[in-house]
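Presented below is the structure to which this report refers.
The values are calculated or read from the model by the stated rules, or taken from the named source; none is laboratory data. Everything numeric in this text was worked out from a predicted model, so none of it was measured. Cβ placement follows ideal geometry from the backbone for every residue including glycine, while neighbour counts extend to all protein chains displayed.
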Amino acid sequence: MNQIIRKPSEINQFFQENGGAPLKKLGQNFFINEALLRNLVQEIREPSIQRILEIGPGFGMLTQLIAMRYGRCRPEVFLLEKDTMLCKYLQQTIPVAIHDVPMQIVCGDFLKPPQEFLDVIDFWKKEQRERSNQNLPAFHYLLAGNLPYHISSDVLLWMLEQNLFSSGFFVLQDEFVEKLVRPGNRLNHWVLAHGSVTILKKIDKNNFFPVPGVDSRAFLYQRDQSRIDVFLQKNGYAISTNQFFKALEKILKILFWANRKTVQSILKTNPHQPYDVNVIQRWHEVFAIDFQKRPEELEAEEVWQLAIGSLLFLK
């Protein structure tokens, strides 16, 4: 087999011949509208991409479209697929269908990553550092995936933790993306502090096979910490960006520990870092934030100020 499977009849035939079926627990709802997916891939903003990581490539349609878009860059592509039957298919099909792009295909679970996966990420980070040290143009690293709901948060948080990928292209359940872009939750504050989300299109569930129970959305993630740099400089905070993000991670964990409580109550009673009443009063005097608000009512810069406060008012 050297042609990428695209149609419902081909998907059914593949599973019948291999004695299996699409697995709901793996979120196996495969994109079947190639024209729509091609148009979405064209929205990726990077002019060039040298390294591509795709989580859960399925039958490889997205893989092929991204490789076609950036083929002139001869990117290295790494695919991680959990389903062993699909992994074998990819290993047999993708190198033939996309013959001019260096490709590594590994079977494994993103949540329990195989050593080959960890080795590639370590190598890419080393490569990134060496190019920076040698004043060479930076490579662009893209993370992509049509992801099931249960690993969407894990993948996004891991991407930010790596400090490697400059951009991301994702197709995720509509409900998850709504949560991601809705202000006033822990995930929203953390992700948008690191960059920006651009919603591309709501995708009707009938563009997938088997047809899932809900619609999806495609979106781009662009890593950009300039808002944080401006915030720190504007307010004269003499701390590094890395220090700030450690403090932000801590304060978000504190703030969203409980629902419906006020900021003041949470600072006083949370189990992670309870603060003395006098410290909270001093904190309130330094930062003009209404501590009677609930965390979900805070603006982004108010949360950032609280992160700075967690550095200033350590017990």
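With the structure loaded, tell me whether Leu160 is under 22 Å from Thr241 (Cα atoms), touching a helix residue (DSSP H, G or I) at 6+ places or on another chain (Cβ under 8 Å) and touching a residue at least 12 places away in the same chain (Cβ under 8 Å) or whether it fails that test. So Leu160 fits the description; yes. Where helices (runs of 4 or more DSSP H) sit wholly within region 1-111, those with at least 3 residues that are surrounded by fewer than 14 Cβ atoms within 10 Å (Cβ to Cβ) occupy 8-17, 84-97. Against the conditions (1) under 22 Å from Gly60 (Cα atoms); (2) at pLDDT below 95; (3) in contact with a strand residue (DSSP E or B) (Cβ under 8 Å, 6 or more places away or on another chain); (4) not small (Gly, Ala, Ser), Asp100 satisfies every one except (3).
To keep it simple, each residue is scored yes or no on (1) surrounded by 15 or more Cβ atoms within 10 Å (Cβ to Cβ); (2) within 30 Å of Gly58 (Cα to Cα); (3) touching a residue at least 60 places away in the same chain (Cβ under 8 Å).
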| site | (1), (2), (3) |
| --- | --- |
| Val197 | yes, yes, no |
| Leu200 | yes, yes, yes |
| Ile203 | yes, yes, yes |
| Val214 | no, yes, no |
| Ser226 | no, no, no |
| Val230 | no, no, no |
| Gly236 | no, no, no |
| Thr269 | no, no, no |
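Do the conditions hold for Asn242, that is, is it over 30 Å from Lys293 (Cα atoms), part of a helix (DSSP H, G or I) and over 13 Å from the mean Cα position of the chain (by Cα)? No; evaluated as a whole, the condition is false for this residue. Return the residues of region 26-49 that are of a type in the set (A, V, I, L, M) and free of Cβ contacts under 8 Å to residues at least 12 places away in the same chain; say none if nothing qualifies. The one that is of a type in the set (A, V, I, L, M) and free of Cβ contacts under 8 Å to residues at least 12 places away in the same chain: Ala35. Only residues that are within 12 Å of Val171 (Cα to Cα) and either under 8 Å from the mean Cα position of the chain (by Cα) or acidic (Asp, Glu) (or both) were counted across region 133-154, and they come to 2. If the requirement is being of a type in the set (Gly, Ala, Ser), in contact with a Pro (Cβ under 9 Å, 6 or more places away or on another chain), within 24 Å of Asn207 (Cα to Cα) and at pLDDT 95 or above, which of these qualifies: Gly27, Gly56? Just one listed residue meets the conditions, Gly56. From the list Leu232, Leu248, the one residue that fits, being outside the structural domain of Phe14 (by TED's automatic domain parsing), at pLDDT 95 or above, under 21 Å from Glu299 (Cβ atoms) and not polar (S, T, N, Q), is Leu248. Those helices (runs of 4 or more DSSP H) of region 116-221 in which at least 3 residues are farther than 20 Å from Gln50 by Cα and of a type in the set (Ser, Thr, Tyr), considering only elements entirely within it, cover 149-162. Of all the criteria given as (1) polar (S, T, N, Q); (2) modelled with pLDDT of 95 or more; (3) in contact with a Gly (Cβ under 7 Å, 6 or more places away or on another chain), the one not satisfied by Gln50 is (3).
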